[in-house]
C-alpha cells in the first residue's frame with residue numbers, strides 16, 4: 001500500500017514528537033531535517049556528524065578533523081526532495097586532539113554545502129534512501145574558518161556499499177546502534193589544485209530529525225489532546 005508524502009511527513013514527525021502515538025516506523029519523508037551528532041563516531045569525544053582527516057596537514061602526525069553538529073554555534077540541515085538531498089549549514093569543528101579541538105587556526109566555524117542529485121533512490125527492498133550514482137559524482141564545498149575552501153565529492157570507496165544512505169537500515173533497528181534516522185556515506189575532498197583524497201574514515205555520520213510541518217503540528221496537537229482525555233478518565 002502506498003501513502004501520500006503529506007501523510008508520511010505528518011506521521012514521521014508526530015511519531016518522533018508525541019509519546020504514545022502509534023509510530024509508522026522511521027519513515028524518510030520529504031522535507032527539512034535538523035542534523036545532529038551520531039553517538040558512535042570512532043574518534044569520539046567530542047561527538048561529531050562529519051569527519052575529514054588531514055583536511056589540513058597541521059602536524060607531522062595523522063591529523064583527525066571532526067565537526068560537532070550539536071555545538072551551540074552549529075546549524076546543520078538537510079533538505080530531501082524527490083530529486084535531491086541537500087546538506088548545508090555551519091558547523092563548529094577543527095583538529096581533534098583526543099577530547100577537544102586543538103586551540104589553533106583550524107578551530108572554529110566551517111561552512112558546508114553539498115548536494116546529491118545523481119543516483120538518488122530507495123534502497124532495494126527497503127524504505128531507506130540511498131545514493132548510488134554509478135559513473136557520476138555528487139559535489140559540494142567546505143570552507144574553513146580562515147576562508148580556505150575545499151571541494152567535496154562522494155566516492156565509490158567500498159564496492160557494494162552506496163555512496164550515501166539515509167534511514168534506519170534494512171532491519172529498522174537503526175545505524176550502528178542508533179534507533180532513529182541516520183545519514184552516512186563516504187566523502188572525498190580536494191585540496192586547492194590537487195586531486196581528491198579519502199582517508200578511509202572521511203565521511204558523514206549524523207542523525208536526522210524531521211522539522212515538523214504545519215500539518216504535522218496539527219496532528220501532534222490532536223495526539224496531545226487525546227492523551228489529556230485519557231488521563232482525565
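The values are calculated or read from the model by the stated rules, or taken from the named source; none is laboratory data. Since we're looking at a predicted model, the values are computed, not measured. Please note: Cβ atoms are built from the backbone with ideal geometry, for glycine as well, and neighbour counts cover all protein chains shown.
A few remarks follow.
- Residue among 99, 125 that alone is farther than 23 Å from residue 52 by Cβ, more than 17 Å from the chain's Cα centre (by Cα) and loosely packed, with under 14 Cβ neighbours inside 10 Å: 125
- Matching residues, segment 190-204, being over 15 Å from residue 86 (Cα atoms) and surrounded by 15 or more Cβ atoms within 10 Å (Cβ to Cβ): 190, 191, 196, 197, 198, 199, 201, 202, 203
- The one condition in (1) at pLDDT below 75; (2) exposed (fewer than 14 other Cβ atoms within 10 Å of the Cβ); (3) within 25 Å of residue 53 (Cβ to Cβ) that residue 156 fails to fulfil: (2)
- Elements of type strands (runs of 3 or more DSSP E) contained in segment 131-202, each with 1 or more residues being farther than 16 Å from residue 67 by Cβ: 139-143, 149-153, 164-167, 188-190
- Within segment 30-52, if we keep just the residues that are touching a strand residue (DSSP E or B) at 6+ places or on another chain (Cβ under 6 Å) and assigned to a loop (DSSP other than H, G, I, E, B), the residue that is modelled with the lowest pLDDT turns out to be 41.
- Of all residues in segment 68-85, those being in a strand (DSSP E or B) and over 20 Å from residue 48 (Cβ atoms) number 2.
- Verdict on residue 115 being closer than 19 Å to residue 49 by Cα, in contact with a helix residue (DSSP H, G or I) (Cβ under 7 Å, 6 or more places away or on another chain), modelled with pLDDT of 95 or more and not in a loop (DSSP other than H, G, I, E, B): no
- Top-ranked residue in segment 108-122 [being touching a residue at least 24 places away in the same chain (Cβ under 8 Å) and surrounded by fewer than 17 Cβ atoms within 10 Å (Cβ to Cβ); ranked as nearest to residue 186 (Cα to Cα)]: 115
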